[in-house]
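Contents: one structure, followed by commentary.
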Amino acid sequence: IYKESVSRGTIGNTSQKKYSLEHEFAKVDGLSHTNLISYYGLDYLHHKDALGRTASYPVLIMEFAGEGTLKNLMEQKLSDLVNEKIIKEILQAISYLHKQGIIHRDLKPDNILFAKDRTGKKVVKVTDFGISQDIISNKTLEETFTEGVGTPLFMSPEQFYKKKFGLNGEISERTDIWALGVIFYKMLTGKSPFGGNGRDFEIIREDIINKEPDYDNISDRFIPILK
């Protein structure tokens, strides 16, 4: 259930939002890849508030992946072999999305889930792609980061300054490639390449734009990938 719609209820142009959401869903409906969450449908919950006003809350019906997230898994030390397997499966999913003309834009460990295949092995399931990818303002980003979402840590420079750093001034597939590099760095080191362990939005943004990550504790075989 979309939290924004639930929190705002009947406030705003709900007809326009409904159209936009359905248009976005049409882009991902029918996508099929082993390492992507499948979308099965878009429906609406109807609710009357205390004043008798009716609100419609959009609900995505999706594949269930119940084996945790990459964020959970990264709390333990993973072997290089496990790290390689995971990053390859994420790459396969993102490569498929890009070939379908879809940019994820919000890749982060929370959006990488796991499910079990028929043999009982864990497989990557990338989620939250292609839906409601409107450009988010810096103010909104700062608010969500303060609430613990952490998305800015995985953002690319063009997501902060699109005209300056974007490909022809626009968001492109490079945005996802950047986020993959940040995720892989954190998988290998246990820490973020930018912003340290701090929570200051502006410091993280400036680090992303200006700083070169520390590669001292990373195996030589992985450094070319990250660079």
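What residue, among those in segment 203-222 that are in contact (Cβ under 8 Å) with a residue 12 or more places away in the chain and not in a loop (DSSP other than H, G, I, E, B), is surrounded by the fewest Cβ atoms within 10 Å (Cβ to Cβ)?
Going through the qualifying residues, I end up with I209.
Return the residue satisfying two criteria in turn: it lies in segment 106-137 and is at pLDDT below 90 and surrounded by 14 or more Cβ atoms within 10 Å (Cβ to Cβ), and of such residues it is nearest to the chain's Cα centre (by Cα).
Across segment 106-137, the extreme among qualifying residues is D106.
What number of residues within segment 165-176 satisfy the criterion of being without any contact (Cβ under 8 Å) to a residue 24 or more places away in the chain and either in contact with a helix residue (DSSP H, G or I) (Cβ under 7 Å, 6 or more places away or on another chain) or part of a helix (DSSP H, G or I) (or both)?
Residues flagged as without any contact (Cβ under 8 Å) to a residue 24 or more places away in the chain and either in contact with a helix residue (DSSP H, G or I) (Cβ under 7 Å, 6 or more places away or on another chain) or part of a helix (DSSP H, G or I) (or both) within segment 165-176 amount to 5.
Checking K77 against (1) outside any loop (DSSP other than H, G, I, E, B); (2) touching a residue at least 12 places away in the same chain (Cβ under 8 Å); (3) more than 22 Å from I177 (Cα to Cα); (4) not hydrophobic (A, V, I, L, M, F, W, C), only one condition comes out false. Which one?
Checking K77 against (1) outside any loop (DSSP other than H, G, I, E, B); (2) touching a residue at least 12 places away in the same chain (Cβ under 8 Å); (3) more than 22 Å from I177 (Cα to Cα); (4) not hydrophobic (A, V, I, L, M, F, W, C), the one that fails is (1).
Are any residues in segment 22-62 farther than 17 Å from I112 by Cβ, open to solvent by 60 Å² or more (accessible area, probe 1.4 Å), among the aliphatic types (A, V, I, L, M) and in contact (Cβ under 8 Å) with a residue 12 or more places away in the chain, and if so, which ones?
L45, I61
Which of the residues that make up segment 170-223 are β-branched (V, I, T) and over 16 Å from L107 (Cα atoms)?
The answer is T189, I203, I204, I209, I218, I223.
How many of the residues making up segment 87-100 are within 16 Å of the chain's Cα centre (by Cα) and open to solvent by 10 Å² or more (accessible area, probe 1.4 Å)?
Of the residues in segment 87-100, 7 are within 16 Å of the chain's Cα centre (by Cα) and open to solvent by 10 Å² or more (accessible area, probe 1.4 Å).
Suppose we keep only residues that are in a loop (DSSP other than H, G, I, E, B) and acidic (D, E) within segment 91-129. Which one would you say is nearest to K186 (Cα to Cα)?
In this case the residue turns out to be D106.
The values are calculated or read from the model by the stated rules, or taken from the named source; none is laboratory data. This structure is a prediction, so every number in the text was calculated from the model and none was measured. So basically every Cβ, Gly included, is an ideal-geometry build from the backbone, and we count neighbours across all protein chains shown. Ligands, DNA and RNA are stripped out before the accessible areas are found, and what is left, the full protein with its side chains, is counted by its heavy atoms. Shrake-Rupley method; radii C 1.70, N 1.55, O 1.52, S 1.80 Å.
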